[in-house]
Amino acid sequence: MTARLILPLLCLLPSLALAAEAIDPSRIVSAATGDWNKDGASDLALLVKPEDGIDEDNGVYIYLAGEDGPLTLKSAIPNKVWGQYGMAGQAPTITALANGSLVITTHNDAIGRDRWEQKLTVAYRNFDFVVAGYTYASYDTLEPKNTAQCDLNVLTGKGKANDKPVIAKGQLVLLKDWTDDRGQRACGIQ
């Protein structure tokens, strides 16, 4: 290719990247603002349902405010968070904590006999987003004594499962690398 053709194509690359990051507002399931990187500016986190016709879970998109104010996409993790937007008892949420962390909540409060709630506490560490905590609770609607509860500090590996101490290997797990079975195994819930 000649330089005359390459230069215009290179100019298109930034706009193509921006187009890939554009999110249709009608796909936003939940949003939270806070100061994730503790720089004094308001940042943004979104849970976004997949495009129509795509069989995936919701995506997590986290933006950090720049020095001059505009938000910049820091983390894009499609197909990450289970939940059905618009389905009673199954819509996921993302909320901000006062300490600058995020909580991603998924749950099933409506379908079947197994009801559960899971919370991931996400923190900004070492210039990326990590899972700092994992909380899980479940019960069986037909057998009320069949319950499970766990609260685990993923960073230290310490927690409680069904009122008994849990000790697992403390880890720094990036949100993009997290799988729910990792927390369930540590808590003995599988």
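The values are calculated or read from the model by the stated rules, or taken from the named source; none is laboratory data. Because the structure is predicted, anything quoted here is derived from the model rather than measured. Note that we place each Cβ from the backbone using ideal geometry, even for glycine, and neighbour counts take in every protein chain shown.
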Checklist entry - Do the conditions hold for Val103, that is, is it under 16 Å from Leu172 (Cβ atoms) and crowded, with 16+ Cβ neighbours inside 10 Å? => result no
Checklist entry - With respect to Gly159, is the statement that it is touching a residue at least 60 places away in the same chain (Cβ under 8 Å) and out of contact with any helix residue (DSSP H, G or I) (no Cβ under 6 Å at 6 or more places or on another chain) true? => result no
Checklist entry - Does any residue of the range 155-170 turn out to be out of contact with any Ser or Thr (no Cβ under 6 Å at 6 or more places or on another chain), in a strand (DSSP E or B), among the hydroxyl-bearing types (Ser, Thr, Tyr) and more than 22 Å from Asn58 (Cα to Cα)? => result no
Checklist entry - Restricting to strands (runs of 3 or more DSSP E) lying wholly in the range 1-110: which have 1 or more residues that are at pLDDT 95 or above and acidic (Asp, Glu)? => result 43-48
Checklist entry - Is it the case that the range 129-149 has a residue that's under 24 Å from Asp43 (Cα atoms) and of a type in the set (Asp, Glu)? => result no
Item to check | Cross-chain or 6+ apart pairs with Cβ under 6 Å, the range 79-103 first and over 16 Å from Glu51 (Cα atoms) and in contact (Cβ under 8 Å) with a residue 24 or more places away in the chain, then assigned to a loop (DSSP other than H, G, I, E, B) and charged (D, E, K, R) | outcome: Gly100/Asp35; Gly100/Lys38
Checklist entry - Of Leu152, Leu175, which residue is farther than 22 Å from Pro78 by Cα and in contact (Cβ under 8 Å) with a residue 24 or more places away in the chain? => result Leu152
Checklist entry - Within the range 61-78, is there a residue that is among the hydroxyl-bearing types (Ser, Thr, Tyr) and either surrounded by fewer than 13 Cβ atoms within 10 Å (Cβ to Cβ) or free of Cβ contacts under 8 Å to residues at least 12 places away in the same chain (or both)? => result yes
